[in-house]
Amino acid sequence: MKGTKQISPKTKVAYTREAERLRRRFTRETGQEPEADCTAFLAWMDTLYATVKPRTRRRYHAALTRYQAKHHPNCLPGPIPKGLPDRK
C-alpha cells in the first residue's frame, strides 16, 4: 500500500464495516461475489464513485484498499477516476 499511515483501531473497524457493506451491496445488486469477478466489482465501484460526493469516494476507496490488501491482494482498487461530477 502506498502511503501507509497509522490509523486508529476505531477507524480500522469502520473501514472493515464499510468494505463489507460495499461487498454485500455489490452481491445484492449484481448477484455475483466480488472475489469471483474482481473486474466486475471494480467496474461497479467506478460507477458508484460517480454517484457520491468526493469525500465519500475517498472513504470508500480507503476502506476497500485496506480491506482488499489484507483479504484479497489480487483485487486492489485502482485510483479514483478523474473528471467525475462533483456531487456536493
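The values are calculated or read from the model by the stated rules, or taken from the named source; none is laboratory data. Quick caveat: nothing in here was measured; it's all calculated off a predicted structure. Please note: Cβ atoms are built from the backbone with ideal geometry, for glycine as well, and neighbour counts cover all protein chains shown. These accessible areas exclude ligands, DNA and RNA; they are computed on the full protein's heavy atoms, side chains included. Shrake-Rupley method; radii C 1.70, N 1.55, O 1.52, S 1.80 Å.
Things worth noting here:
- Within straight-line cross-link reach of K82, lysines at Cα separation under 27 Å, skipping those fewer than 8 residues along the same chain: K2, K5, K12, K53, K70
- Residue-normalised accessible area of the chain, given per residue in Å² at a 1.4 Å probe: 69
- The helix-based estimate of mean residue ellipticity at 222 nm for the chain, built from -39,500 (n - 2.57) per DSSP H run of four or more residues and divided by its residue count, is -20000 deg cm²/dmol to the nearest 500.
- Portion, in percent, of the accessible area of the stretch 21-88 that falls on carbon or sulfur, probe 1.4 Å: 51
- Share of pairwise Cα separations in the stretch 26-68, more than 17 Å, in percent: 32
- Global geometry of the stretch 44-88, whether rounded, prolate or oblate, following the gyration tensor of its Cα atoms and the 1.5 cut on a/c: prolate
- Net dipole in debye of the chain [+1 Lys, Arg Cβ; -1 Asp, Glu Cβ; about Cα centre; nearest 20]: 660
- For the chain, the pair-distance distribution built from all alpha carbon pairs, in bins 5 Å wide starting at 0, is 3, 14, 25, 26, 19, 11, 2, 0 percent.
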